[in-house]
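Novice: If you scroll down you'll find the structure; I have some questions about it.
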Amino acid sequence: MISAPAVYGLILAGGKSSRMHRDKAALVYQGRSQLDRAFELAARHVDKVFVSVRANQAAESTRADKPLIIDSVEGEGPIVGIRSALAAAPDVAWLVIACDLPFLSAAALEQLLAERDPGAFATAYRSTFDGLPEPLCTIWEPSAAAALTAFLAAGGHCPRKFLIRHGARLLRARDRHALDNINTPEEYARAHDALAGTLANPMQLTIQYFALMREQAGRSEETLETAAATPADLFTELTARYGFTLSREQLKVAVNSEFADWSRKLASGDSVVFIPPVAGG
């Protein structure tokens, strides 16, 4: 039986961050840059990790202290970084991670590695939004190299379209928010505030959702760990994850089946319900 190729890690940090208006790799969460966080997370799961950059980024302080793979093929976008990594080490698979995934978890990487199919071009998660492949938290196999080269030569640039065309093993993510990406200053502010709470001791809460909030969360109930001290903090954290469109002023909150103030202190084991306005009322 032929063993599967070894897996290295590749953090994609060669983007231009045009919508963020600042370098996404240098954004700070929980006291560290996002690039540092992603690099350290990947390093806990694979033996070697590299950072994908454009040639003009190699000397930047955010990137220069890490092993780099500089874009070596023509074109733009993350697919160039992926192809360059496959060219740099043609006998290994690459766990490719974008550097704009601040909610990426160890559990998500563990599932991806455990359910990897070395016989496919790639193993990827299925998007929770549209069901399409998520190419930027994916294991790319050595066998994908030739097809990627042909795809680029034909003018292709979207790794998602490549996976749709050529197929991949698609997984259903158990951690549905691990691949939430951050592209704008507003998204960064929400993600920063949500992650700031995890510096404190987490507690377990049960959350229930109704009406529009249930649709946006994609579930009616969940149990999660959070460091949110109050319902207001919890709502901010969940809005960053689910993109709730209702404002706090439009909602009431109940804790353990009793209406509560937004500043009430939460305790582990509490049950929290956000109550939206009643349609037609």
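Any read-out appearing in this document is the output of simple, stated calculations on the displayed coordinates, not a laboratory observation. Given the structure is predicted, the values throughout are model-derived calculations rather than measurements. Note that each Cβ is placed from the backbone with ideal geometry, even for glycine, and that neighbours are counted across all protein chains shown.
Novice: In whole Å, how far is the Cα centre of region 15-65 from that of region 93-164?
Specialist: Measuring centre to centre over Cα atoms gives 18 Å.
Novice: Given the -39500 (n - 2.57) contribution per DSSP H run of 4+ residues, what per-residue ellipticity at 222 nm results for the chain, rounded to the nearest 500 deg cm²/dmol?
Specialist: Rounded to the nearest 500, the figure is -8500 deg cm²/dmol.
Novice: In whole Å and largest first, what semi-axes does the C-alpha gyration tensor of the chain yield when each eigenvalue is scaled by 5 and square-rooted? List each step's numbers first, then the result.
Specialist: Working: eigenvalues 284, 79, 60 Å².
In descending order the semi-axes read 38, 20, 17 Å.
Novice: Explain nothing, just the number: relative contact order of region 123-187, from Cα pairs under 8 Å at least 6 residues apart, as a whole percent.
Specialist: On the way: 53 pairs, mean separation 27.1, N = 65.
Relative contact order here is 42 percent.
Novice: If you count, for each residue, the other Cβ atoms within 10 Å and average over each peptide, how do 50-61, 217-228, 89-100 line up from highest to lowest?
Specialist: 89-100, 50-61, 217-228
Novice: Follow-up. Run through the DSSP bridge list for region 7-171 and note the antiparallel percent, rounded to the nearest 5. Before the final figure, lay out the partial values.
Specialist: On the way: 10 of 26 bridges.
The answer is about 40 percent antiparallel.
Novice: More than 13 Å apart: what percent of Cα pairs in region 200-275 qualify?
Specialist: More than 13 Å apart: 63 percent of the Cα pairs in region 200-275.
Novice: Among 202-211, 231-240, what's the highest-first ranking by average C-beta atoms within 10 angstrom per residue? If you can, show how the numbers build up before the last one.
Specialist: Working: 202-211: 16.3, 231-240: 21.4.
Descending mean neighbour count gives 231-240, 202-211.
Novice: Whole number please: convex hull volume per residue, Cα atoms of region 7-171, in Å³.
Specialist: 115 Å³
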